Amino acid sequence: MLKPLAAGLALALGLISAASAAESWPKSRQQILDASGRPLLVPSVAFFAAGTTTPLAVYSDPALTKPLAQPVKADGTGRFPRVYLPTALYAERVTGPYGDVLWFDDGLGYVPPTTGGGGGGGTIDPTAIAATGDVKWRMDAGIMPGWVRMNGRTLGGAGSGATELASATASAAFAYLWNTFPDTVASVVGGRGTSASGDFSAGKQIVIPTMQGLLAGGLDDMGSSPAGRLQTITGLTLTAGSTTAAAFSANRLAIGMTVIAPGISAGTTITDINGNILTLSQPAAAGSSGNVIGVRFSALGDAQAPGQIGGDSLISLSNKNLPAALPGGSVTVDYPAHAYITHEELATASLSTSSGSSPVINLQKGLKNDLTAPPNAKVFGFSISNPGGGLPVSNLPPTRLGTFYLKL
């Protein structure tokens, strides 16, 4: 959003001419995917002035001095080169490797701001200084012309029944969401067709990615090497058909992390950790036994995929989250020997009567000092309970609330 704003202000101040103002095509350096999610080989794109079939010159440099031959072709991996367009409304027609039209979208781009003569100021259209798909935050909850709230509702054409915006003005945002994100982020109600323009013309709705109750964050790689703040990268030893795997290192691994690696099914998470032995939610695929290098353990679904959602404002601790050393212990009861005085020996005497004599046994004879024989020591273990414990705790950083908007 900042680049269009800067260009608009520069135009308004007469610092650059309208002819030299340029915008980067949103699909630059991007791949075009087929219905199964695989890159199309060598698609091409042609550009036209909005509402016409008049070709629009596009360029390979932001100064608009190096024209590109049209149609502009992607490389063998389906990735388009960097394309710069004049700041104006335009149409684009993207075709597949055999000339089949994937989509034809009109009314893209934005109207450049108007300026007064002599560099004396001028006016800027406040709805025309951001590009389609730009996101901004405002500290209110109102509806803004030229924008839609990112509230998980839908947008589509007039008569589509979309719940946030049903208007022809939604075509560019519809195409942006359709071409940029999978159904897990921006799903098409009723299923995706063959192109964004086809679905829009058919009256379909697309879900606006929600930012309700969410904080914006950066991709862990963002076009560079992973930062390792939202994911941990290490090696893993797999056994085909088993949910048990050995991590090269369990440092910064946590239960609930998503595991992303060859031989691991999508959506697999860590369910338990014992030392460096992990229990996974799904078994390793057939033929995947052995060491796998560069396994990504993500705190979100995939810390390198745009539009992912993760985290929670409340967390509950399990025993696995508590410190390894907990209060508890044992008590040893060991009575010492005690001194006392007893007899030296037991004697037997004979008692004589008129009828005869009879023995008298166990007569104590003499005195001596002695010690008691204590019982063996006893050990009694104990633990400390926490009545009323187990409640969730807030994990929310200091936050100020407002509304996220998506540019049409």
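Key figures
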read-out	value
Qualifying positions in region 49-61 - loosely packed, with under 14 Cβ neighbours inside 10 Å and touching a residue at least 24 places away in the same chain (Cβ under 8 Å)	Gly51, Thr52, Ala57
Flag for Lys365 being surrounded by 10 or more Cβ atoms within 10 Å (Cβ to Cβ), farther than 30 Å from Asp140 by Cα and not acidic (Asp, Glu)	yes
Residue match in region 382-397 (condition: under 30 Å from Ile143 (Cβ atoms) and either touching a residue at least 12 places away in the same chain (Cβ under 8 Å) or outside any strand (DSSP E or B) (or both))	yes
Strands (runs of 3 or more DSSP E) contained in region 35-113 and holding at least 2 residues in contact with a Gly (Cβ under 9 Å, 6 or more places away or on another chain)	84-86, 89-95, 101-109
Among (1) out of contact with any Pro (no Cβ under 7 Å at 6 or more places or on another chain); (2) closer than 23 Å to Thr184 by Cα - the single one Gly294 does not satisfy	(2)
Pair list, Cβ under 6 Å, 6 or more apart: region 322-342 residue closer than 16 Å to Pro375 by Cβ, other residue surrounded by 10 or more Cβ atoms within 10 Å (Cβ to Cβ)	Val333/Lys378; Tyr335/Pro374; Ala337/Leu371; Ala337/Thr372; Ala337/Pro374; His338/Thr372
Output for region 238-262, where each listed residue is buried (at least 16 other Cβ atoms within 10 Å of the Cβ) and within 21 Å of the chain's Cα centre (by Cα)	Ala250, Leu253, Met257, Thr258, Val259, Ile260, Ala261
Residues that are surrounded by 12 or more Cβ atoms within 10 Å (Cβ to Cβ) and either in contact with a Gly (Cβ under 7 Å, 6 or more places away or on another chain) or part of a loop (DSSP other than H, G, I, E, B) (or both), drawn from region 288-305	Ser288, Ser289, Val292, Val295, Ala299, Leu300, Gly301, Asp302, Ala303, Gln304, Ala305
Selection from region 182-207 of residues that are out of contact with any strand residue (DSSP E or B) (no Cβ under 6 Å at 6 or more places or on another chain), under 26 Å from Arg29 (Cα atoms), assigned to a loop (DSSP other than H, G, I, E, B) and not polar (S, T, N, Q)	Pro182, Asp183, Val185, Arg192, Gly193
Output for region 352-381, where each listed residue is among the β-branched types (Val, Ile, Thr) and either in a loop (DSSP other than H, G, I, E, B) or assigned by TED's automatic domain parsing to the domain that holds Met139 (or both)	Thr372
Filter result (under 18 Å from Val101 (Cα atoms) and of a type outside the set (D, E, K, R)) within region 57-91	Gln70, Pro71, Val72, Ala74, Gly78, Phe80, Tyr90, Ala91
Residue pairs meeting the criteria (Cβ under 9 Å; at least 6 apart or on separate chains; first at positive phi, in region 274-303; second assigned to a strand (DSSP E or B) and of a type in the set (Val, Ile, Thr))	Gly290/Thr237; Gly294/Ile233; Gly294/Thr234
Single unsatisfied condition, Gly109 versus (1) touching a strand residue (DSSP E or B) at 6+ places or on another chain (Cβ under 6 Å); (2) modelled with pLDDT of 85 or more; (3) surrounded by 20 or more Cβ atoms within 10 Å (Cβ to Cβ)	(2)
One residue from Thr342, Thr332 being surrounded by 10 or more Cβ atoms within 10 Å (Cβ to Cβ), assigned to a strand (DSSP E or B), hydroxyl-bearing (Ser, Thr, Tyr) and not assigned by TED's automatic domain parsing to the domain that holds Arg149	Thr342
Leading residue by the ranking (modelled with the highest pLDDT) among those in region 136-164 that are aliphatic (A, V, I, L, M) and more than 20 Å from Gly307 (Cα to Cα)	Ala162
Scan of region 369-408 for residues that are over 30 Å from Glu164 (Cβ atoms), at pLDDT 85 or above and either touching a Cys at 6+ places or on another chain (Cβ under 7 Å) or surrounded by 10 or more Cβ atoms within 10 Å (Cβ to Cβ) (or both), ordered by number	Lys378
Residue in region 167-181 that is assigned to a loop (DSSP other than H, G, I, E, B) and either in the same structural domain as Ala50 (by TED's automatic domain parsing) or under 24 Å from the mean Cα position of the chain (by Cα) (or both) present	yes
Enumeration of residues in region 150-185 that are under 17 Å from Gln212 (Cβ atoms), touching a Leu at 6+ places or on another chain (Cβ under 9 Å) and surrounded by fewer than 21 Cβ atoms within 10 Å (Cβ to Cβ)	Met150, Arg153, Thr163, Glu164, Val185
One residue from Ala250, Ala216 being in contact (Cβ under 8 Å) with a residue 12 or more places away in the chain, assigned to a loop (DSSP other than H, G, I, E, B) and either assigned by TED's automatic domain parsing to the domain that holds Leu278 or among the aromatic types (Phe, Trp, Tyr) (or both)	Ala250
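The values are calculated or read from the model by the stated rules, or taken from the named source; none is laboratory data. All figures in this text were calculated on a predicted structure; none of them were measured in a lab. Every residue, glycine as well, gets a Cβ built from its backbone with ideal geometry; the counts of neighbours run over all protein chains shown.
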